[in-house]
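**Student:** If you scroll down you'll find the structure; I have some questions about it.
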Amino acid sequence: MQPTRDSGHRDTSQPAVAECIIGADQGLQAVMQRVNQVAPSEASVLILGETGSGKEVIARAIHERSRRRNNAFVRVNCGALPSDLIDSELFGHEKGSFTGAVSQRRGWFERADGGTLLLDEVGELPMAAQIRLLRVLQDGIIQRVGSEHDIAVNVRVIAATHRDLPHMVQEGQFREDLWYRLAVFPIILPALHERPRDIKPLALHFIHRAAQRLGLPTPRLKATDLQLLMSYRWPGNVRELGSVLERAVILGQNREMDLKTSLGAEGLRKFASATTKPRAKDSEKDPIEPLDVIITQHIQRALARAGGRVDGPAGAAVLLGLNTSTLRGKLRKYGIEPADFKD
Ligand SMILES: Nc1ncnc2c1ncn2[C@@H]1O[C@H](COP(=O)(O)OP(=O)(O)OP(=O)(O)O)[C@@H](O)[C@H]1O
């Protein structure tokens with residue numbers, strides 16, 4: 001099988017191209033510190049984060065900052081491996097070892113030899129595969145299916161998942177010994193709504209990229225559109241933000257980009273029902289938003305209402321019941337630009 005995005009595998013035998021990590025000096029600052037600490041070591045890393053939050057981007061950053069950077073970076077989506085082929089996919093097989101094994105095949109561990117193997121969605125691996133994976137991680141030796149010949153592999157494993165692995169361990173769905181082996185150095189990637197400062201630079205990046213692909217001038221991000229983006233909870237995280245903006249740029253060709261129009265009535269309803277505004281009735285399941293998120297959004301609402309003015313009788317400071325210097329301090333702290341709210 002050739003490595004493709006759809007089958008969940010990507011084999012980067014070429015030196016990796018550094019991808020720009022938006023938010024590296026803002027909402028992802030603490031994550032990047034962890035990346036820089038762990039990259040030069042050989043330690044296994046476990047990246048925990050919601051779907052689309054950038055786990056692969058972070059895994060690549062670790063690879064690119066490691067001594068293995070000139071060797072392969074291979075991503076395997078464990079959730080996409082058919083259960084009867086997991087061993088063959090990971091460790092390879094000999095010709096004739098099972099029906100369909102028409103030729104010898106090297107598995108993903110062998111292909112990543114000397115480099116880094118990202119085991120994405122590791123929480124989806126069935127128990128039997130977890131046992132075999134643990135053995136390989138401990139011994140650094142694999143056997144292809146249908147062979148008793150040991151092959152030594154030198155692979156750094158980075159595992160990633162959106163699942164609550166500690167809870168899975170408690171429930172007996174994930175092996176505790178494998179958890180300890182993988183979680184030598186855990187990195188928790190915050191969801192996009194927990195790092196609101198990254199939304200604007202990410203939005204500008206995606207708008208610019210989409211316009212470049214279409215050969216169009218980069219459209220402006222209107223203050224009202226930024227406010228809409230800031231108020232949504234982004235369950236699909238950075239990936240969802242990218243696709244919403246790409247669609248907006250495509251639909252807004254040759255006109256001013258308008259998020260409300262490009263989302264349509266249905267999209268707007270979805271946005272409205274998933275905003276981070278406080279709900280009337282609290283429930284155990286409702287996430288508690290970090291205070292910084294609520295403060296950022298509240299200041300942005302006031303600035304939008306005040307047309308970007310901070311002081312004066314109709315300025316945001318009066319609306320918020322703050323004196324101007326206090327509000328200016330908060331604008332600096334939360335990285336909010338009043339000019340973004342001038343329409
Ligand atoms: N900080 C970032 N800067 C620039 N692009 C980003 C950033 N984070 C994520 N992306 C982009 O968002 C998309 C999703 O990121 P990625 O595939 O790394 O997420 P993931 O958490 O691994 O997703 P999944 O849970 O589906 O495996 C990709 O196109 C990626 O390039």
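The values are calculated or read from the model by the stated rules, or taken from the named source; none is laboratory data. Since we're looking at a predicted model, the values are computed, not measured. Heads up, the Cβs are rebuilt from the backbone with ideal geometry, glycines too, and the neighbour counts pull from every protein chain shown.
**Student:** Would you check which residues across the range 20-72 are among the polar types (S, T, N, Q), within 12 Å of the ligand (Cβ to nearest atom) and assigned to a loop (DSSP other than H, G, I, E, B) and list them?
**Tutor:** 26, 51, 53
**Student:** Turning to a different aspect of this structure: So which residues in the range 196-215 are more than 24 Å from residue 307 (Cα to Cα) and within 14 Å of the ligand (Cβ to nearest atom), if there are any at all?
**Tutor:** 205, 206, 208, 209, 210, 213
**Student:** So is residue 91 buried (at least 20 other Cβ atoms within 10 Å of the Cβ), within 16 Å of the ligand (Cβ to nearest atom) and aromatic (Phe, Trp, Tyr) or not?
**Tutor:** Spelling it out, it is not the case that residue 91 is buried (at least 20 other Cβ atoms within 10 Å of the Cβ), within 16 Å of the ligand (Cβ to nearest atom) and aromatic (Phe, Trp, Tyr).
**Student:** If residue 218 satisfies every condition in (1) more than 15 Å from the ligand (Cβ to nearest atom); (2) at pLDDT 85 or above; (3) under 22 Å from residue 30 (Cβ atoms); (4) surrounded by fewer than 18 Cβ atoms within 10 Å (Cβ to Cβ) but one, which is the exception?
**Tutor:** It is condition (3) that residue 218 fails.
**Student:** Considering each of 92, 100, 114 in turn, give the residue that is more than 22 Å from the chain's Cα centre (by Cα), modelled with pLDDT of 95 or more and over 22 Å from residue 198 (Cβ atoms).
**Tutor:** 114
**Student:** Applying the selection to the range 127-176, what residues are within 20 Å of residue 59 (Cα to Cα) and either assigned to a loop (DSSP other than H, G, I, E, B) or among the acidic types (Asp, Glu) (or both)?
**Tutor:** Result: 153, 154, 155, 162, 163, 164.
**Student:** Looking at 210, 183, can you tell me which residue is touching a residue at least 24 places away in the same chain (Cβ under 8 Å), outside the structural domain of residue 233 (by TED's automatic domain parsing) and over 15 Å from the mean Cα position of the chain (by Cα)?
**Tutor:** Among 210, 183, only 183 is touching a residue at least 24 places away in the same chain (Cβ under 8 Å), outside the structural domain of residue 233 (by TED's automatic domain parsing) and over 15 Å from the mean Cα position of the chain (by Cα).
**Student:** Could you list, ordered by first residue, the pairs with Cβ atoms under 7 Å in which the first is in the range 231-243 and closer than 23 Å to residue 298 by Cβ and touching a residue at least 40 places away in the same chain (Cβ under 8 Å) and the second is within 9 Å of the ligand (Cβ to nearest atom) and of a type in the set (A, V, I, L, M), at least 6 apart or interchain?
**Tutor:** So the pair list comes out as 234/192; 234/241; 237/192; 241/192; 241/202.
**Student:** Can you tell me which residue in the range 321-337 is surrounded by the most Cβ atoms within 10 Å (Cβ to Cβ), limited to those that are small (Gly, Ala, Ser) and outside any helix (DSSP H, G or I)?
**Tutor:** Top of the filtered list is 335.
**Student:** A further question follows. Report, by residue number, each residue of the range 221-240 that is assigned to a helix (DSSP H, G or I) and within 16 Å of the ligand (Cβ to nearest atom).
**Tutor:** 229, 237, 238, 239, 240
**Student:** Go through the residues of the range 103-125 one by one and say whether even a single one is among the aliphatic types (A, V, I, L, M) and in a helix (DSSP H, G or I).
**Tutor:** Yes: the range 103-125 contains one or more residues that are among the aliphatic types (A, V, I, L, M) and in a helix (DSSP H, G or I).
**Student:** Which one of these does residue 242 not meet: (1) closer than 14 Å to residue 53 by Cα; (2) in contact with an Asp or Glu (Cβ under 9 Å, 6 or more places away or on another chain)?
**Tutor:** Residue 242 satisfies all of (1) closer than 14 Å to residue 53 by Cα; (2) in contact with an Asp or Glu (Cβ under 9 Å, 6 or more places away or on another chain) except (2).
**Student:** May I pose another question? Do you know which residues across the range 305-314 are out of contact with any Pro (no Cβ under 7 Å at 6 or more places or on another chain) and either assigned to a loop (DSSP other than H, G, I, E, B) or under 16 Å from residue 335 (Cβ atoms) (or both)?
**Tutor:** 306, 307, 309, 311, 312, 313, 314, listed by residue number.
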